[in-house]
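Just below is one structure, and these are the notes that go with it.
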Amino acid sequence: NALVKMEANIVVMGTESVGKSALTVRLLTGKFIGEYGDIESIYSRDFTLDGRGVTLNIWDSPYSEDLAAEMSLFCKKVRWADGYVLVYSICDRASFNAVSRLVQRIKSSKDHLGTDKVPIVVVGNKKDLHHRRTVQSEEGRLLALSTDCLFYEVSAAENYHSVIALFHGLVDRIKDVRPVM
Ligand code: GDP
Ligand code: MG
């Protein structure tokens, strides 16, 4: 029903300092402010996508090295989420490996078993820092291709449009798996 408003829960994940908060704030305010605290928050905001209203609830949280805490938070997020933004920095190889592991963990979590399509977007952030790149675009693209995820390389700092595009792409995926929305 086109008159029913769509609402989607989106969780932003990835290791420390990859730009999770920068991407979230960029989407919500249009701005890049450079410094972000370690605030755990779910932001709700109405958007118009393709002429249709959609409420996005976006869960941004600081990365925790505490394994037990991280694990229980992971389970909560998986129960809550309709879609995932998995962020790495193109200058940080370890953050890319972490995203690769996250994709597997999400897909094999019991909440998603038997679901053929889990809406996930793999995001290589900090594209503006190309002189410090250590993860090639091809690697990100291949990871996404082999796991049936979307892939975007973006810059929260310098390319607002790329940030909008990745969230838009994810919402389209969520719509695909929930056609009644
Ligand atoms: P989080 O820990 O994943 O939430 O990372 P933050 O959003 O706090 O960002 C960590 C640092 O990276 C901050 O100093 C940001 O200003 C910086 N940063 C985030 N995104 C970008 C980007 O696209 N380009 C550049 N050059 N710096 C970025
Ligand atoms: Mg943060």
**Item:** Mean Cβ neighbour count within 10 Å, used as a protection proxy, ranking 100-111, 72-83 highest first
**Value:** 72-83, 100-111
**the stretch 89-137 versus the stretch 34-59: alpha-carbon centroid distance in Å** = 20
**Message:** Step by step: find N for the chain, compute 2.2 N^0.38 Å, then divide the Cα radius of gyration by it. What's the final number?
**Reply:** 0.97
**Reachable lysines from Lys117, criterion Cα separation under 21 angstrom, eight or more residues apart if same chain** = Lys76, Lys77, Lys107, Lys175
**aspartates and glutamates with Cα under 16 Å of Lys110, excluding same-chain neighbours fewer than 8 positions away** = Asp82
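Each value in this text was obtained by applying a stated rule to the coordinates, not by laboratory testing. Bear in mind the structure is a predicted one, so any value in this text is a computation, not a measurement. Positions of Cβ are generated from backbone atoms using ideal geometry, with glycine treated the same way; all protein chains shown enter the neighbour counts.
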